[in-house]
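A.B. asks: Submitted below is the structure of interest, expressed as structure tokens.
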Amino acid sequence: MPTKVEKDSVTGTETTGHEWDGIKELNTPLPKWWLYIFYASIIWSVIYCIFMPSVPYITGYFGGIWDYSQRATVEEQLAAAHQRQSVFLDRMAGLSPEQVAEDPELLTFALAGGAAAFADNCAPCHALGGAGNPGGYPVLADDDWLWGGTMDDIMVTIRHGIRSDLDTNTRLATMPNFGSDGLLSREQVAAVADYVLSLSGHGDAGAETLAEGAEIFAAQCVSCHGADGTGLHEFGAPNLTDAIWLYGGERSEVIAQVNHPRLGVMPAWEERANGQGLDDTTIRMLTVYVHSLGGGE
Amino acid sequence: MNTTQAHPEVVQSEDVLSRQEQRSQPLYTGRVKVYPKAVSGRVRRVKWAVLGLCLALYYLLPWVRWDRGPNLPDQAVLLDLPNRRFYLFWIEIWPQEIYYLTALLIIASFTLFMATSIGGRVWCGFTCPQTVWTDLFMKVEHWIEGDRNARMRLDAQPMSGSKLTRKLAKHAVWLLISLLTGGAWIMYFVDAPHLVTGFVTGGLDPVTYFFIFLFTGTTYMLAGMAREQVCTYMCPWPRFQAALLDEDSLVVTYRQWRGEPRGKHKKGQSWEGRGDCIDCKQCVSVCPTGIDIRDGIQLECIGCGLCIDACDGVMAKVDRPLGLIAFDSERNQRLNAAGLPPVSRRSRLVRPRTIIYAFLITGITLALLTALTLRSQLDVNVLHDRNPLFVTLSDGSIRNGYTIHVLNMGQEERQMTLTVDGLPGAEITVVGAEQDDAVSARLNVTSDAVLTYRVFVSVPADVLDENATDIAFVFDDPDAGLVSSHDSVFRGP
């Protein structure tokens, strides 16, 4: 180290005294503000390490004096959110879906909660907004309900499901395999299909075929679909006189359904496997929401 | 002769480096602090007047009251963010009408461009908050620590009792002004009387305190410490001055043709063969940004014109004509240098650029006023359901669902009838509304509120001949004589 501080003649800046091949390094210190912030950051990091989770152990970690954890914070926030919801949940307890729908505040709450639950659980089959999907996933936004479109009917359907093997109280009805089990001949199946289409003014079958179809219908179908073909909610038997066809309204599709019926299945949401079933409040909120999509029946 | 009576020794020459001279030093040297000297004169008087006006407007405007009826704030200018309402005297603006603010900003911009085109950096030099508050802070500094030389001496001194007292007093007054400034800013967002009582009693919420102290801090930093560095380094405005000024704009100009060659002048010396500039550097010492105006127009010059006052004072003392430094245009300098008369004030003011600006400002102002006058107190948003687009009902008819938001921005409740137009045979169902028949619904729209309705429209399938039919929801308010129609679409298979 030189004993005397040397100044560079060109810039007037002090040198550090380091020299390489005749080139001397100028001593241009870091800006003060930068340096002080740097020192402050060091002090801050030490304080931070004392108070906040910092040092990892082989198993676990040093949690700091405050033992802060983001996971715990989330749990607190969730608890707080549940706390805020509980005001409405308590009011909703013991009320029927109709009573919930009459209270504007509870209605808003139930619609929001129902929409979220619907998107999580129902939308994969019924599509967002209850638009339904082809192949037997009914539209929930229309006015046609297989198992009934009152609030109570909808709630029972959600709770116990349809043909669900999880729930003994599930909605259960079976349509025989008229064609494939040999109950009716091919011609009889075709005749009854023509008759069914004629109920809603479709098809171009002759009077003779229709008379035969009507005869078969009266013998085989009226017990579930009713004498006039308007269906029966108790058996989930669809109305055959309207414009809505769950499995399609073409002649071939109707014949296929009579021949070997497809029977839709919906889980019992109260009793889903592994204790993942929906709670009572969620089911009621879902009921209110689903009913609101198309205004029920 | 006049010249012999002049007394150069009364004109004290200043030992001061201009920015240009400082720039020749290495880049890593720190900022050279500017100690602007106090000056008096015409420009200074105008600046005080503008400063008083601007500060009075800023501090007093939140206290102006405006009666809007019960349950509404009575502050004339209030940006009520929690309730999402902007109140400007008789105008009440809802969030979705924020585009009115755009028009206001465009008008402000063009006014600024026009002012710059005519008068150079008048905004920077006279009305910019940075200039106004820096001026105020410098006045305080001058009052406590004395003028330029006294301040330089004080800063060079080692710390002593009297120096500490002066410094503390100065910063205390600065902080007080900053607090008032920061507080007054919040008054535009929170009711002013409530803010003051709340601040004194400590009853404000932490966010309000945070913003009050934030703006206190920025005022103190920007006007007390940063000063001309804000204009030179932080503000983008000086950077595009070049695009806005032209050779007819008034800028603070050193009349080189008259001043050069400059040089010291002793009493009694002849003025023959030399310029009027006696190189006393008064213009540099009064400059708040520390530049030498004689170097010509430069980025740092905020156009405050204090050097004009300083130079006029000197010219009066040496008995030469005033206006060696003046607000003048570049074209005039060229004409003067060539011995020609300057352009008339009229042809300087009226030129294509200013005419275009004037047209634009008038046009946009008229458009804004028209839009404000004609705007409806009622706004309706119709949202067609995206999922499902339509449903087939059991009788074969097609139904579409809509969510309709009705915004009643007025203070009266409205009784309205909703019908659908453009779709023969359409039936309408409004969830939760009274209906006398299947084609109309009665709506009670409460005042100052947004109401949401769920609406179903259905028609027989054979009415539809395309998969999208334009329809309109018609709201009829017979009491107010108001019919408003809102377009939407009806979708079918």
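The values are calculated or read from the model by the stated rules, or taken from the named source; none is laboratory data. Since the structure is predicted, the reported quantities are computational estimates derived from the model, not experimental observations. Because the Cβ atoms are built from the backbone with ideal geometry, glycine has one as well, and the counts that use them run over all protein chains shown. Note: accessible area is taken over every heavy atom of the protein model, side chains too, but ligands, DNA and RNA are not part of it. Shrake-Rupley method; radii C 1.70, N 1.55, O 1.52, S 1.80 Å.
A.B. asks: Among B:A115, B:I98, B:A223, pick out the residue whose Cα is farthest towards the positive end of the charge dipole of chain B, where Lys and Arg carry +1 and Asp and Glu carry -1 on C-beta, about the Cα centre.
C.D. replies: B:A223
A.B. asks: Also, I was wondering about something else. For A:V100, what accessible surface area do you get with a 1.4 Å probe? Give it in Å², rounded to 10.
C.D. replies: Looks like 0 Å² after rounding.
A.B. asks: Mind checking the range B:342-435 for trypsin sites (Lys or Arg not before Pro) that DSSP puts in a loop (not H, G, I, E or B) and that have at most 12 other Cβ atoms within 10 Å?
C.D. replies: Passing sites in the range B:342-435 are B:R386.
A.B. asks: How high is the relative contact order of the range B:378-491, in percent, with contacts defined as C-alpha pairs under 8 Å that are six or more residues apart?
C.D. replies: 30
A.B. asks: Further question on the same structure: Give the separation of the Cα centroids, the range B:341-370 to the range B:82-100, in Å.
C.D. replies: Taking the Cα centre of the range B:82-100 as reference, the centre of the range B:341-370 is 30 Å away.
A.B. asks: What order do B:W90, A:W147, B:W123, A:W44 take when sorted by accessible area (1.4 Å probe), most exposed first?
C.D. replies: So the residues, ranked largest to smallest area, are B:W90, A:W44, B:W123, A:W147.
A.B. asks: Another question, if that's okay. Simple spin-label model, 7 Å along Cα-to-Cβ: B:T197 to B:A108 in nm?
C.D. replies: Taking the simple label geometry, B:T197 and B:A108 are separated by 3.1 nm.
A.B. asks: Here's a follow-up. Take every Cα pair under 8 Å in chain B that's 6+ residues apart, average their separations, divide by the length, and report that relative contact order as a whole percent.
C.D. replies: Over chain B, the number comes to 16 percent.
A.B. asks: With a Förster radius of 60 Å, plug the Cβ-Cβ distance of A:V10 and B:D470 into 1/(1 + (r/R0)^6) and report the FRET value to the nearest 0.05.
C.D. replies: Computed FRET efficiency for A:V10 and B:D470 comes out at 0.15.
A.B. asks: Can you tell me the FRET efficiency between B:D395 and A:D204 if r is taken as the Cβ-Cβ distance and R0 is 25 Å, rounded to the nearest 0.05?
C.D. replies: The pair B:D395/A:D204 has a calculated efficiency of 0.70.
A.B. asks: Order A:K7, B:K163, most accessible first, counting only protein heavy atoms with a 1.4 angstrom probe.
C.D. replies: Sorted descending by solvent-accessible area, the residues read A:K7, B:K163.
A.B. asks: Follow-up. Counting Lys +1, Arg +1, Asp -1, Glu -1, what net charge surrounds B:V459 among other residues with beta carbon under 12 Å of its beta carbon?
C.D. replies: For residues surrounding B:V459, the net value is -2.
A.B. asks: Please sort through the DSSP H helices of chain B and keep those with an alpha-carbon extent of at least 15 Å along the long axis and a Kyte-Doolittle average not below 1.0.
C.D. replies: Span-like helices, by this rule, are B:99-119, B:206-219, B:352-374.
A.B. asks: Pick out the long, greasy-scoring helices in chain A: whole DSSP H runs spanning 27 Å or more along their own axis by Cα, mean Kyte-Doolittle at least 0.5.
C.D. replies: Those that clear 27 Å and a mean of 0.5 are A:32-51.
A.B. asks: Helix-derived [θ] at 222 nm for chain B: sum -39500 (n - 2.57) over DSSP H runs of at least 4, divide by residue count, nearest 500?
C.D. replies: -11500 deg cm²/dmol
A.B. asks: To continue, here is another question. So how far apart, in nm, are the two label points at B:R84 and A:Q83 if each is 7 Å from Cα heading toward Cβ?
C.D. replies: Reported label-point gap for B:R84 and A:Q83 is 2.7 nm.
A.B. asks: Now for a different question. On the full set of protein chains, 1.4 Å probe, figure out the accessible area of A:K24 and give it in Å² to the nearest 10.
C.D. replies: Only protein atoms counted, so the area is about 80 Å².
A.B. asks: At 1.4 Å probe size, with the rest of the protein present, what percent of the exposed accessible area of the range A:16-114 is carbon and sulfur atoms?
C.D. replies: Result for the range A:16-114: 65 percent of the exposed heavy-atom area is carbon or sulfur.
A.B. asks: On average, how much accessible surface per residue is there in chain B, in Å², for a 1.4 Å probe, leaving out ligands, DNA and RNA?
C.D. replies: Normalised by residue count, the accessible surface of chain B is 52 Å².
A.B. asks: The range B:297-328 to the range A:273-297: how many Å between their Cα centroids?
C.D. replies: 82
A.B. asks: How big is the charge dipole of chain A about its Cα centre, in debye rounded to the nearest 20, if each Lys and Arg gets +1 on its Cβ and each Asp and Glu gets -1 on its Cβ?
C.D. replies: Here chain A has a charge dipole of around 1380 debye.
A.B. asks: Another question, then. Buried by at least 20 Å² relative to the chain on its own: which residues of the range B:340-388 qualify, computing accessible area with a 1.4 Å probe on protein heavy atoms?
C.D. replies: The answer is B:N387, B:P388 - residues whose exposure falls by at least 20 Å² when every protein chain is included.
A.B. asks: Run the simple label-point estimate for A:S185 and B:F359 please: 7 Å along Cα→C-beta, distance reported in nm.
C.D. replies: 9.1
A.B. asks: I want to check a number: in chain B, how many lysine pairs have alpha carbons closer than 21 Å, given a sequence separation of 8 or more or different chains?
C.D. replies: Counting lysine pairs in chain B gives 24.
A.B. asks: Further question on the same structure: Taking chain B as a whole, which cysteines find no other cysteine Cβ under 4.7 angstrom from their Cβ?
C.D. replies: Lacking a cysteine Cβ partner under 4.7 Å: B:C54, B:C124, B:C128, B:C231, B:C235, B:C277, B:C280, B:C287, B:C301, B:C304, B:C311.
A.B. asks: A further question follows. Before anything else, pin down the relative contact order of chain A: Cα pairs under 8 Å, at least 6 apart, normalised by residue count, whole percent.
C.D. replies: 21 percent.
A.B. asks: Let me ask you something else. Would you mind giving the mean number of other chain beta-carbons within 10 Å of the Cβ of each residue in B:449-459, as a whole number?
C.D. replies: Averaged over the peptide's residues, the number is 1.
A.B. asks: Still on this structure: Report the Cα centroid-to-centroid distance between the range A:51-97 and the range B:394-421 in angstrom, as an integer.
C.D. replies: 43
A.B. asks: How much mean residue ellipticity at 222 nm does chain A get from its helices, if each DSSP H run of length 4 or more adds -39500 (n - 2.57) and you divide by all residues, to the nearest 500 deg cm²/dmol?
C.D. replies: Helix-only estimate at 222 nm: -14500 deg cm²/dmol.
A.B. asks: For the protein assembly as shown, give the magnitude of the charge dipole about the Cα centre (Cβ charges: +1 Lys/Arg, -1 Asp/Glu; no others), in debye to the nearest 20.
C.D. replies: It comes to approximately 8220 debye.
A.B. asks: Hey, another quick one. With all protein chains present, calculate the accessible area of A:L199 using a 1.4 Å probe and round the result to the nearest 10 Å².
C.D. replies: Accessible area of A:L199: about 50 Å².
A.B. asks: Further, regarding this structure: Mind ranking B:F86, A:F235 by accessible surface for me, highest first, 1.4 Å probe?
C.D. replies: Final ranking, largest accessible area leading: A:F235, B:F86.
A.B. asks: Could you compute the FRET efficiency for B:V207 and B:D74, with r as their C-beta to C-beta distance and R0 at 22 Å, rounded to 0.05?
C.D. replies: Efficiency at R0 = 22 Å is approximately 0.40.
A.B. asks: Once B and A are treated as a pair rather than alone, how much accessible area drops out, both sides summed, in Å² to 100, probe 1.4 Å?
C.D. replies: 1000
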